[in-house]
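Student: Questions regarding the structure given below will be posed in turn.
The values are calculated or read from the model by the stated rules, or taken from the named source; none is laboratory data. Treat the numbers as computed from the prediction; the structure is a model and nothing was measured. All Cβ positions, glycine included, derive from the backbone under ideal geometry; neighbour counts span all protein chains shown. All accessible areas refer to the heavy atoms of the entire protein, side chains included, with ligands and DNA or RNA removed. Shrake-Rupley method; radii C 1.70, N 1.55, O 1.52, S 1.80 Å.
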Amino acid sequence: MKALQHDRGRVALTLLFSFPAIRAALLIQRWYRQYVARLEVRRRCTWNIFQSIEYAGEQDQIKLYNFFGFLMHHFTPASSERNLISHIFRENEICHHTEWERYFCCESVEVPDSYAGPHLTFPMTFCEVSKLVEAFKHKQLLHARYVLQLLGETWRLLRILTNINHVSTCHTKEITICGDLHGHLEDLLLIFYKNGLPSSEKPYVFNGDFVDRGKNSLEILLILFGFLLVYPNDVHLNRGNHEDHIVNMRYGFTKEVLGKYRVHGKKILKLLKKIFSWLPLATVIDHKVLVVHGGISDTTDLNMIARVDRHKYVSALRPPKTTHHAVNGGKTMNNNDREASGPVEARRRVCSFSHHRSSPPQWYNLPRRSLHNLPMSRQLSWSVEEELKRRRRLAGFDQPYGELQRSDSDPECRATTETDEHEWKQIVDMLWSDPMPQNGCVPNEVRGGGCYWGPDVTEEVLRRHNLQLLIRSHECKQDGYEFCHNRKVLTIFSASNYYEEGSNRGAYIRMGPDLVPHFIQYQASRTCRELTLRQSVGWTERSALRALREQLFVHKSDLIRAFQEFDPNNTGMISLRHWASATENALKLGLPWRVLRPQLVSSTQYNMVDYQQWIRELSITEPKLEISDTSILETMYKNHSNLETIFRIIDTDHSGSISFEEFRQTWKLLSSHLKTEISGEAIADLAQSIDFNKDGSIDINEFMEAFRLVDLSSHT
């Protein structure tokens, strides 16, 4: 009994002395959780900034292309503006395979003795592709002759592949599935280092978006095409939304190829344009797992997709050709009966280019909101003919206005069947769509293309095709992967540091016969791996805020107008709530402005913002040019990417420079697209100011670099 009492006393004494330690531990734990929670909030805000700016660019690209399509459908074939852009709509300049065979011929391209890079022979072997990987690892450039040969062999192989690859696992090997690479060669090399090179024992599925944004898109393509040629049954490539020559003009791949191959770059781009259209659209593993780049919709039919003539959709941005009658009076999409289950929360609005289309005056240059939310009276407020006359007057085109109806001899004019439209929409949905948490299927109003689909659509499509899992890519994820829809949809993204150093991990999937996905994460940058969580969040946050301040700077005029709506007495002061509302109204980025306010507005007084002072304090500087009309500079800053896209479209010979007259036409097209009027004198003044060597032409790359904005806060 005494021993028992002694033990109880010792336990009580131990607990007595332990209480302060326990209390301290609980306090530390609570503090740490709050600290991590605050970092997580900052990380999510940073992510929203990057993603909103990225998707705004995609919207602008789609709206610009829709505008070009409008010109092609409604301006006469002889009109000057139509001639400027018609070449990007000619999908079959060389129609017969025999003629393409001659086009791929590269016997006249000689390899000099001084060339020290890899030499290829065909048919290729594993050893040669391995040497190619090593050469690219050491930043060597493959000679243009071998590039052309490799592309030719790839085209011949892709032509015999089906729209949907069917692959099987077995007990001795796993399949590796990779998501977007976006020109990040270091990520592909890291995957090969960790997982092994593709082989008959190490099959791979690469799920699209190999190109754009990164610096080594062409090297990635050549490596993947090389392994495809050596192991055609074990390496599978799906098409992504960036395997599209129109998208490439905006996001860097066109510029990359022309920079690396000045003599043969134009031919390489033309061949890749053809090759992209022959890439398969999906892969099915063991008849149970669907791998597709973007996603699905409520109308997805894999049986129809398997029958589509995929190579006729050279650009998924372009809908099937329609006659004037079809556009003006007929139903241009077979999707109008789709139920819109309401807007997706906290997302910006713009009409999807493949969903809920209306008459051209509305859909080619919409504000960022959905068309089906507009009052009907506004949609019908003007006719196509009146709009065209107004467009031409604003653009300053001096050619007489022609008849809308084109002659039957116009090669761009042909009837479109409902089957054509349905096929096209199926492809767009596969390449551009994203999942959403709500049930239903609605237009993808953030990207402007494809749809958002909910868990109910996933269940139905998987059930209809006897599938159990959908693997897709298309969206950057902070951890490199993410499940949704009751773990029936899995997003995989393989480009680490996508937005900024440390912004996200990359990942790939290993999947065996049990069809259970296993994830391998990585970060290609050693610097990022050495950063603490706080350092990593701070690094990417600063980068995101720099990008956001640039957006604020280029929208100065829009912001001032939005602020003045809340300041009728012109006091120069508005409340924080009105500041957040006005900023969102001006930028349409769908960001939590009140959360971001402390990092954007340095000082407030009594919860009021001096918006005039704040605009002046934005730490951005601009190049100084002596031109009379400064408003043209703001237009250029705001539409920097649109301008570069138009430049590259007009630069038909891919020389990298355009004449003064082409420069004038570029601005006329842009002003028409933006519904603004820019005088010919202002354009001529600007052209003279930026012709640095006074040779009468303008170097596109120098022009875009000359107007690069500088964030002064990043240098302090």
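Student: Considering every residue within the stretch 299-316, establish whether at least one is aromatic (Phe, Trp, Tyr), closer than 30 Å to residue 173 by Cβ and either in contact with a helix residue (DSSP H, G or I) (Cβ under 8 Å, 6 or more places away or on another chain) or open to solvent by 10 Å² or more (accessible area, probe 1.4 Å) (or both). Steps first, please.
Tutor: Kept after step one, since they are aromatic (Phe, Trp, Tyr), are these residues of the stretch 299-316: 313.
Pick out the ones that are also closer than 30 Å to residue 173 by Cβ and you get none.
Scanning the stretch 299-316, I find no residue that is aromatic (Phe, Trp, Tyr), closer than 30 Å to residue 173 by Cβ and either in contact with a helix residue (DSSP H, G or I) (Cβ under 8 Å, 6 or more places away or on another chain) or open to solvent by 10 Å² or more (accessible area, probe 1.4 Å) (or both), so the answer is no.
Student: Can you tell me which residue among 22, 53, 49 is without any contact (Cβ under 8 Å) to a residue 60 or more places away in the chain and of a type in the set (Val, Ile, Thr)?
Tutor: Criteria check complete, one pass: 22.
Student: Condition first: part of a helix (DSSP H, G or I) and open to solvent by less than 20 Å² (accessible area, probe 1.4 Å). Can you find one or more residues in the stretch 566-576 that meet it?
Tutor: No.
Here is a yes/no grid of residues against (1) free of Cβ contacts under 8 Å to residues at least 24 places away in the same chain; (2) in a helix (DSSP H, G or I); (3) under 19 Å from residue 266 (Cβ atoms):
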{"site": "654", "(1), (2), (3)": "no, no, yes"}
{"site": "668", "(1), (2), (3)": "no, yes, no"}
{"site": "672", "(1), (2), (3)": "no, yes, no"}
{"site": "678", "(1), (2), (3)": "no, no, no"}
{"site": "685", "(1), (2), (3)": "no, yes, no"}
{"site": "694", "(1), (2), (3)": "yes, no, no"}
{"site": "702", "(1), (2), (3)": "yes, yes, no"}
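Student: How do the pairs read when you match residues in the stretch 235-264 that are closer than 18 Å to residue 222 by Cβ and in contact (Cβ under 8 Å) with a residue 24 or more places away in the chain with residues anywhere that are part of a helix (DSSP H, G or I) and of a type in the set (Ser, Thr, Tyr), using Cβ under 7 Å and keeping only pairs 6 or more apart or on different chains?
Tutor: What qualifies is 242/251; 248/254; 253/217; 256/217.
Student: Continuing with the same structure: If the requirement is being hydrophobic (A, V, I, L, M, F, W, C), at pLDDT 90 or above, under 26 Å from residue 45 (Cβ atoms) and under 29 Å from the mean Cα position of the chain (by Cα), which of these qualifies: 533, 559?
Tutor: Values: 533 fails: at pLDDT 90 or above.
After applying the criteria, what remains is 559.
Student: Across the stretch 279-298, which residue is most open to solvent (accessible area, probe 1.4 Å) among those that are of a type outside the set (A, V, I, L, M, F, W, C) and over 28 Å from residue 89 (Cβ atoms)? So that I can check it myself, show each step before the final result.
Tutor: Of the stretch 279-298, the ones of a type outside the set (A, V, I, L, M, F, W, C) are 280, 283, 286-288, 293-295, 297-298.
The next check asks that each one be over 28 Å from residue 89 (Cβ atoms); those that pass are 283, 286-288, 298.
Details: 283: 0, 286: 37, 287: 128, 288: 62, 298: 62 Å².
In this case the residue turns out to be 287.
Student: Could you run through the stretch 166-204 and say how many residues are of a type outside the set (Asp, Glu) and open to solvent by less than 30 Å² (accessible area, probe 1.4 Å)?
Tutor: The number of residues fulfilling the criteria is 21.
Student: Tell me yes or no: at least one residue of the stretch 259-278 is modelled with pLDDT under 95, open to solvent by 10 Å² or more (accessible area, probe 1.4 Å), under 30 Å from residue 468 (Cα atoms) and of a type in the set (A, V, I, L, M).
Tutor: Looking through the stretch 259-278, none of the residues is modelled with pLDDT under 95, open to solvent by 10 Å² or more (accessible area, probe 1.4 Å), under 30 Å from residue 468 (Cα atoms) and of a type in the set (A, V, I, L, M).
Student: Same structure again: For the stretch 453-486: of the residues being open to solvent by less than 10 Å² (accessible area, probe 1.4 Å) and of a type in the set (Ser, Thr, Tyr), which is farthest from residue 519 (Cα to Cα)?
Tutor: Only one residue fits best here, namely 458.
Listed here are the residues, each with its yes/no results for (1) in contact with a strand residue (DSSP E or B) (Cβ under 8 Å, 6 or more places away or on another chain); (2) at pLDDT 95 or above.
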{"site": "173", "(1), (2)": "yes, no"}
{"site": "176", "(1), (2)": "yes, yes"}
{"site": "185", "(1), (2)": "no, yes"}
{"site": "189", "(1), (2)": "no, yes"}
{"site": "196", "(1), (2)": "yes, yes"}
{"site": "217", "(1), (2)": "no, yes"}
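Student: Would you confirm, using the coordinates I've provided, whether residue 246 is within 18 Å of the chain's Cα centre (by Cα), assigned to a helix (DSSP H, G or I), of a type in the set (A, V, I, L, M) and more than 30 Å from residue 438 (Cβ to Cβ)?
Tutor: So residue 246 fits the description; yes.
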